[in-house]
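Heads up: the structure comes next, in structure tokens.
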Amino acid sequence: MTDMQGITPIKEWPEDEKPRERLLKYGIHTLSDTELIALLLRTGNGTGGKDVIDISRDLLQHFGGLRHLATRELSELCQVSGVGPVKAAQIASAIEIGRRLEAQDMDKKTFVSSTDVARYFMPRLRDLRKEIFMVLMLDARNCLIRGVTVSVGSLTASIVHPREVFKPAILDSAASVIFVHNHPSGDPTPSQDDLKITAQLVDAGQMIDIKVLDHIIIGRKSFTSLAGKGLI
């Protein structure tokens, strides 16, 4: 049975076609991106006759896929017809769970080179529209202790201050650190501010006997290692 606009509600779909039933019967890997989001949203709100599959499809099309959807603010999600604060919060919560799982996984990583670090962080940082500055803390054997986000926003000396950068490294008794940040423009070429801040942080690290191994700038398709360019 269809509604007045010719749309068949999900509850009237054949059992084998409903996302939740397909997940339970065949496994979550069989679901499309649209169906996964539909399971999060659960029900449509009836706006324009849309069901939850329509809303999920609109979200992906509007933002250009899951990767870009994950970078959006709640207010932006709510601009899509059928998505209110509750559904936006459900999406944001699922994305945040994924990020936290990634953070836990990072704590177990062993990075052998700057390329390893860059390859790990590029999928996580390259599409963000704000600059994220992270400090990776390593022990005496260059094994990762953990990673900490120090600042969010344009890099300036007032935001990326040595005190805030090295505080977690001191607390964790780190022997060395690696800095990682992204350029929302997609161009990983270091700016004058990047070079100035890095020089200040290297000097601060020397004073407290914590070596700065590298500062890696993540772009959309490539990265720059300041150590690799002889700038550290």
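Things to note:
- At full extension, residue 192 and residue 231 could sit 12.8 nm farther apart than now, given 0.36 nm per residue minus the alpha carbon distance.
- Simple spin-label estimate for residue 112 and residue 207 in nanometres, 7 Å along Cα-Cβ: 3.7 nm
- Between residue 146 and 137, the built amide H atoms are under 5 Å apart, and every one of these is 5 or more places off in sequence or on another chain.
- Gain upon complete extension [residue 20, residue 141; 0.36 nm per residue less C-alpha separation]: 38.9 nm
- Fraction of accessible area attributable to carbon and sulfur, the stretch 159-226 (%, probe 1.4 Å): 54 percent
- Order by protection proxy (mean Cβ within 10 Å, highest first), peptides 90-99, 208-217: 208-217, 90-99
- Label sites at residue 28 and residue 93, each approximated as a point 7 angstrom past Cα along Cα to Cβ, lie 1.5 nm apart.
- Residue-wise HN-Hα couplings along the stretch 125-142, as the Karplus relation 6.51 cos²θ - 1.76 cosθ + 1.60 with θ = phi - 60° gives them from phi, are 10, 5, 9, 6, 9, 10, 6, 10, 10, 10, 10, 9, 9, 10, 8, 5, 9, 6 Hz; Gly and Pro carry x.
- DSSP beta bridges in the stretch 173-232 [antiparallel fraction, %, rounded to 5]: 30 percent
The values are calculated or read from the model by the stated rules, or taken from the named source; none is laboratory data. None of these values were measured; they are calculated from a predicted model. Backbone-built Cβ (ideal geometry, glycine too); neighbour counts: all protein chains shown. Accessible surface is based on the protein model in full, side chains and every heavy atom, while ligands, DNA and RNA are left aside. Shrake-Rupley method; radii C 1.70, N 1.55, O 1.52, S 1.80 Å.
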